[in-house]
1. Give me the residue from the range 53-95 that is acidic (Asp, Glu) and closer than 14 Å to Gly120 by Cβ and, out of that set, farthest from the chain's Cα centre (by Cα).
2. Only one residue in Ala147, Ala161, Ala183 is small (Gly, Ala, Ser) and in contact with a strand residue (DSSP E or B) (Cβ under 6 Å, 6 or more places away or on another chain). Which one?
3. Return a yes/no flag: does the range 33-40 have any residue that is aromatic (Phe, Trp, Tyr) and crowded, with 24+ Cβ neighbours inside 10 Å.
4. Kindly provide the set of residues from the range 225-267 that are hydroxyl-bearing (Ser, Thr, Tyr), more than 13 Å from the chain's Cα centre (by Cα) and either within 19 Å of Ala32 (Cβ to Cβ) or not in a loop (DSSP other than H, G, I, E, B) (or both), ordered by number.
5. For the range 51-75, how many residues are within 17 Å of Ile91 (Cα to Cα) and among the charged types (D, E, K, R)?
6. Which of the residues spanning the range 164-180 are out of contact with any strand residue (DSSP E or B) (no Cβ under 7 Å at 6 or more places or on another chain) and either at pLDDT below 95 or within 25 Å of Ala226 (Cα to Cα) (or both)?
7. Evaluate the following for Glu6: is it among the acidic types (Asp, Glu), surrounded by fewer than 20 Cβ atoms within 10 Å (Cβ to Cβ) and more than 30 Å from Ala147 (Cα to Cα)?
8. Here are some conditions: (1) at pLDDT below 95; (2) among the aliphatic types (A, V, I, L, M); (3) touching a Leu at 6+ places or on another chain (Cβ under 9 Å). Leu257 meets all but one. Which one does it not meet?
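The values are calculated or read from the model by the stated rules, or taken from the named source; none is laboratory data. Note that the structure is a prediction, hence the values are computed from the model and not measured. Counting neighbours? That spans all protein chains shown, and the Cβs are built from the backbone with ideal geometry, glycine included.
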Amino acid sequence: MNITFEGEVVVVVGAAGGIGRAAAMAFAQAEAQVCWLDLSETVEAESKSSSPAAPTPLAYCVDAADFASLQKVAGHIQEQTGRIDHVVVSIGLASETLGYPFWNLAPEQWNRMLEVNLIGPVSVAHAFVPHMLTRKRGTMCFVSSIAGQIGSQTDPPYSAAKAGLINFMQCAAKDLAPYGIRANAISPGMVKTPLNRQVWEAWSRASADHTLTYVEWAEQKIEQVAPLGRWQTPDEMAAMMLFLASDKAVNITGQTLNIDGGQVMHA
């Protein structure tokens with residue numbers, strides 16, 4: 001299936017690493033002009049590693065929780081490119097403490113998790129959607145998590161935030177439909193990313209069996225929870241994002257696509 005985004009502008013928030021980087025690279029390879037946004041100062045260097053065939057990327061070091069800064073970036077992108085067609089939001093932060101049972105965490109520990117994992121994506125939508133409405137087309141894709149659907153005991157604040165993100169995406173999809181803009185979410189399962197490693201680190205600090213390496217822990221978990229019995233990859237997430245942003249998915253909106261090796265199966 002040949003999907004191209006020639007002449008289109010794609011904003012990827014959280015583009016410096018993990019799933020966000022894979023998405024930015026994939027859209028660049030599909031000939032889009034990609035705008036790389038990330039809190040990390042490495043975002044500009046990362047943007048220069050994208051496909052040489054793609055239009056010159058734009059890179060911005062910005063905190064997704066800083067709405068005023070996001071608005072400025074959105075305005076600058078509009079001025080520089082004249083359009084914003086697609087927005088990908090790949091933001092994630094795990095708690096540093098094992099959340100099982102939930103009272104291991106203090107209520108105030110939820111604040112940062114909700115700020116990053118829920119308010120951050122909501123702020124991105126508020127900043128960029130006004131520039132998309134007049135075009136009467138476009139897409140938004142939010143990276144949620146299977147934790148937002150199953151109630152992960154490992155990290156209740158993260159789990160709740162991602163559940164909230166799925167619900168917000170559905171609200172956004174309904175509001176944006178009259179403008180020809182589609183909104184969807186993807187829910188990764190076990191993916192080798194810094195966030196996934198953070199989960200192991202929290203587990204390792206709290207577990208009596210803390211001798212397991214990250215790879216050993218992950219392989220055991222995959223065997224237990226994933227019927228297909230294998231890792232998912234950032235490139236697989238990016239491939240779904242490209243499909244959802246393309247005209248091949250013109251009737252898909254308000255949906256959460258699980259790319260999880262079968263971990264979440266709704267009867």
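1. Within the range 53-95, the subset acidic (Asp, Glu) is 63, 66, 79, 85.
Subsequent filtering for residues that are closer than 14 Å to Gly120 by Cβ retains 63, 66.
Details: Asp63: 15, Asp66: 17 Å.
Ranking the qualifying residues of the range 53-95, first place goes to Asp66.
2. Numbers: Ala147 fails: in contact with a strand residue (DSSP E or B) (Cβ under 6 Å, 6 or more places away or on another chain); Ala161 fails: in contact with a strand residue (DSSP E or B) (Cβ under 6 Å, 6 or more places away or on another chain).
Result: Ala183 is the single residue among Ala147, Ala161, Ala183 that is small (Gly, Ala, Ser) and in contact with a strand residue (DSSP E or B) (Cβ under 6 Å, 6 or more places away or on another chain).
3. The initial filter retains those residues of the range 33-40 that are aromatic (Phe, Trp, Tyr), namely 36.
Filter again for crowded, with 24+ Cβ neighbours inside 10 Å, leaving 36.
For the range 33-40, residues aromatic (Phe, Trp, Tyr) and crowded, with 24+ Cβ neighbours inside 10 Å: present.
4. Answer for the range 225-267, where residues must be hydroxyl-bearing (Ser, Thr, Tyr), more than 13 Å from the chain's Cα centre (by Cα) and either within 19 Å of Ala32 (Cβ to Cβ) or not in a loop (DSSP other than H, G, I, E, B) (or both): just Ser246.
5. So the answer is 2.
6. Taking the range 164-180 as the starting set, the residues that turn out to be out of contact with any strand residue (DSSP E or B) (no Cβ under 7 Å at 6 or more places or on another chain) are 164, 167-168, 170-171, 174-175, 177-180.
The answer is Gly164, Asn167.
7. Details: among the acidic types (Asp, Glu): yes; surrounded by fewer than 20 Cβ atoms within 10 Å (Cβ to Cβ): yes; more than 30 Å from Ala147 (Cα to Cα): yes.
Judged against the criteria, Glu6 is a match.
8. Exception for Leu257: condition (1).
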